[in-house]
Amino acid sequence: MKIVANSESVTSHFGYWPEFADGTVLRFSLEAPDTISLTLRYGDAMTGRCGEVDLRFERVTRVELNELREQNVLDALVLTDGSPLEVHLEAAFGLHGSFACESAS
C-alpha cells in the first residue's frame, strides 16, 4: 500500500496489504501530542501466514476513538488516501473510531 511508508515488508510477508479483519490490537499508544502507534497481530487462515505489524501515524488530528478495552479486535483498518490521510478503525470488539494524519509508516 503506497500510502503507508515501508509497507513492502507487510505486503511481501502476506502477499497483499491486509484489511486486518480479526486482527488483535496488541498495543495502542498516543505519543507526544500528535502521534499514534498501533501494534496488530494478524493471521491469514487461507495462507497460514501470521505476524505482528507495527504502524505509526504522525501529525494526527481529529481523533475520535472509543472503547479501548483490555482486548481489542478489528473488523477492518481502512486507510483513505488524501491530504490528510483518513484512518478508520472498525471494531469487531473494543477500540473503534477514526482520525486524520499527515503520514503513516
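Summary table
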| quantity | calculated |
| --- | --- |
| Tally, over the range 1-12, of residues that are within 25 Å of Phe93 (Cβ to Cβ) and either touching a Leu at 6+ places or on another chain (Cβ under 8 Å) or open to solvent by 50 Å² or more (accessible area, probe 1.4 Å) (or both) | 2 |
| Of residues in the range 28-51 being of a type in the set (A, V, I, L, M, F, W, C) and modelled with pLDDT of 95 or more, the one most open to solvent (accessible area, probe 1.4 Å) | Cys50 |
| Which numbered condition Thr61 misses (of (1) under 13 Å from the mean Cα position of the chain (by Cα); (2) open to solvent by 20 Å² or more (accessible area, probe 1.4 Å); (3) in contact (Cβ under 8 Å) with a residue 24 or more places away in the chain) | (1) |
| Residue count for the range 12-51, restricted to those that are over 14 Å from the mean Cα position of the chain (by Cα) and either under 15 Å from Val87 (Cα atoms) or of a type in the set (Ser, Thr, Tyr) (or both) | 4 |
| Any pair with Cβ under 8 angstrom, 6 or more apart, that starts in the range 27-45 at a residue that is farther than 13 Å from Leu55 by Cα and ends at one that is open to solvent by 20 Å² or more (accessible area, probe 1.4 Å) and among the hydroxyl-bearing types (Ser, Thr, Tyr) | Asp34/Thr61 |
| Residue selected from the range 67-96 under the condition of a type in the set (S, T, N, Q) and touching a Gly at 6+ places or on another chain (Cβ under 9 Å), by the criterion surrounded by the fewest Cβ atoms within 10 Å (Cβ to Cβ) | Gln71 |
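The values are calculated or read from the model by the stated rules, or taken from the named source; none is laboratory data. All figures in this text were calculated on a predicted structure; none of them were measured in a lab. All Cβ positions, glycine included, derive from the backbone under ideal geometry; neighbour counts span all protein chains shown. Each accessible area value is taken on the protein alone, full model and side chains, heavy atoms only, with ligands, DNA and RNA left out. Shrake-Rupley method; radii C 1.70, N 1.55, O 1.52, S 1.80 Å.
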